[in-house]
Ligand code: TXA
Ligand code: MG
């Protein structure tokens, strides 16, 4: 199939919505990363997502809505648990709630909890609104690849496999939403992301963080609280080497490497580059900037044909927690 690149014009959004209503796949921008959407109420449409991404059937999808009315329609009434997190919805937060009957089991991979999110991005909201149905949407990359933050990234992975991509420019945040199990007590962060643990604790009191490193490779996925965690994920095609520490440790690591390596280099940091390819990652003191450029940097360096990528690990607070999580999973 030929994948259409659509703009955010009225006419193009109407076309994208029509494709979604008739069971097709449309990638669209959100404030975190691009998502690959399908009508969440139709099992056949949802099935196509798994095929296009080559995503295993055990990995459940997030359902995206545009409004509180849509949540009410989906659940019959507004779930009481949502009251405590309403400041973050719309926003980069996904919550696990009891799966309503309307949602086919393919969406939740057979689980009785459903992940829902209300994106803040105006194009995402307009598209969902016009489609008139909730959209199941994982990140719009091939399974295990870095998430796409531009329409070009989407096309690099999925051209010819999906009906269309709506090009809304680069995604602002650059890392995915925080996945929070609201039925757990205390609430449990399954994936660190755009809404920070600090923000959630401020609103909810104690919030726990699931440690994906507790999971060992090969363990059956069905028993895990979130099956997508704890595996090689978000990964470039070449090995990713993480360096804990500062400018000096990064520089030492680059100096001791052999072959043509790529470096995720914070602005102003000096390394003895030699044959290395440098990606200007942004100000180390501004983790939001690092987040917005993380996946683009990994994709840039692998496209440059480097043999390995060397990257310093940001501090584990605020959005830095999500950055470390993505980098760890990408380096397994
Ligand atoms: O920011 C985001 O969350 C983006 C944009 C497009 O909204 N979406 C996204 O979806 O990152 P995806 O499928 O790439 O990652 C969703 C994660 C997966 O690790 C999946 O295993 C987990 O959420 N998840 C989804 N539904 C779940 C459920 N019912 N129970 C446990 N984990 C779930
Ligand atoms: Mg993903």
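Considering each of 114, 155, 183, 173 in turn, give the residue that is in a strand (DSSP E or B) and either out of contact with any helix residue (DSSP H, G or I) (no Cβ under 8 Å at 6 or more places or on another chain) or within 12 Å of ligand 1 (Cβ to nearest atom) (or both).
None of the others qualify; the one that does is 114.
Please find, within segment 102-111, the residue that is surrounded by the most Cβ atoms within 10 Å (Cβ to Cβ) out of those that are touching a helix residue (DSSP H, G or I) at 6+ places or on another chain (Cβ under 6 Å) and part of a helix (DSSP H, G or I).
107
Restricting attention to segment 243-266, report how many residues are within 21 Å of residue 302 (Cβ to Cβ) and assigned to a loop (DSSP other than H, G, I, E, B).
Total meeting the criteria: 4.
For segment 291-305, check the following and say yes or no: at least one residue is in a loop (DSSP other than H, G, I, E, B) and either touching a helix residue (DSSP H, G or I) at 6+ places or on another chain (Cβ under 9 Å) or surrounded by fewer than 21 Cβ atoms within 10 Å (Cβ to Cβ) (or both).
yes
I need every pair where a residue in segment 58-70 that is free of Cβ contacts under 8 Å to residues at least 40 places away in the same chain has its Cβ under 6 Å from the Cβ of a residue that is in a strand (DSSP E or B), sequence separation at least 6 or different chains.
none
Results for (1) surrounded by fewer than 17 Cβ atoms within 10 Å (Cβ to Cβ); (2) at pLDDT 95 or above, shown as yes or no for each residue.
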site: 181; (1), (2): no, yes
site: 189; (1), (2): no, yes
site: 199; (1), (2): no, yes
site: 214; (1), (2): yes, no
site: 235; (1), (2): no, no
site: 262; (1), (2): no, yes
site: 265; (1), (2): no, yes
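Please go through segment 122-149 and pick out each residue that is over 20 Å from residue 327 (Cβ atoms), part of a loop (DSSP other than H, G, I, E, B) and more than 9 Å from ligand 2 (Cβ to nearest atom).
Across segment 122-149, the qualifying residues are 132, 133, 134, 137.
The values are calculated or read from the model by the stated rules, or taken from the named source; none is laboratory data. Please read these numbers as outputs of a predicted model, since none were measured by experiment. As a convention, Cβ positions derive from the backbone with ideal geometry for all residues, glycine included, and neighbour counts pool all protein chains shown.
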